[in-house]
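Input: a single structure, listed below in structure tokens.
The values are calculated or read from the model by the stated rules, or taken from the named source; none is laboratory data. Computed from a prediction, not measured in an experiment: that's the story for all the values here. Cβ coordinates were reconstructed from backbone atoms using ideal geometry, including for glycine residues, and neighbour counts include every protein chain displayed.
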Amino acid sequence: MPLDDAGCLCPPCLKGEIAALIKAAGLCAGCRHAQRLRSKGGGLLHLCGLSKTDARYKKYPRLPMSECPGYEPITAARP
């Protein structure tokens, strides 16, 4: 689903949107613990799933995240 209102799903446009998301969110963009949410005002938020069980992690971390001990790539196998 496109992140902007243009609605274009062609590969060049999607690559641009993915690059913008990674730049804005850092590690959260590719972490299996992060959930992308839209606020009522239309802003994009990243909810850290680790915050539910570990107080060391903020529910909505300050972005972009460049370091995180809980980071696990989306492609990582689940236990």
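Taking segment 48-74 on its own, how many of its residues are of a type in the set (S, T, N, Q) and either over 16 Å from Leu37 (Cα atoms) or within 11 Å of the chain's Cα centre (by Cα) (or both)?
Counting residues in segment 48-74 that are of a type in the set (S, T, N, Q) and either over 16 Å from Leu37 (Cα atoms) or within 11 Å of the chain's Cα centre (by Cα) (or both) gives 2.
If you check every pair at least six apart or on different chains, which have Cβ atoms under 7 Å apart with a residue in segment 13-30 that is more than 11 Å from Met65 (Cβ to Cβ) first and a residue that is modelled with pLDDT of 80 or more and surrounded by fewer than 14 Cβ atoms within 10 Å (Cβ to Cβ) second?
Pairs that qualify, where the first residue is more than 11 Å from Met65 (Cβ to Cβ) and the partner is modelled with pLDDT of 80 or more and surrounded by fewer than 14 Cβ atoms within 10 Å (Cβ to Cβ): there are none.
Limited to segment 28-39, what total is found for residues that are in a helix (DSSP H, G or I) and at pLDDT 90 or above?
1
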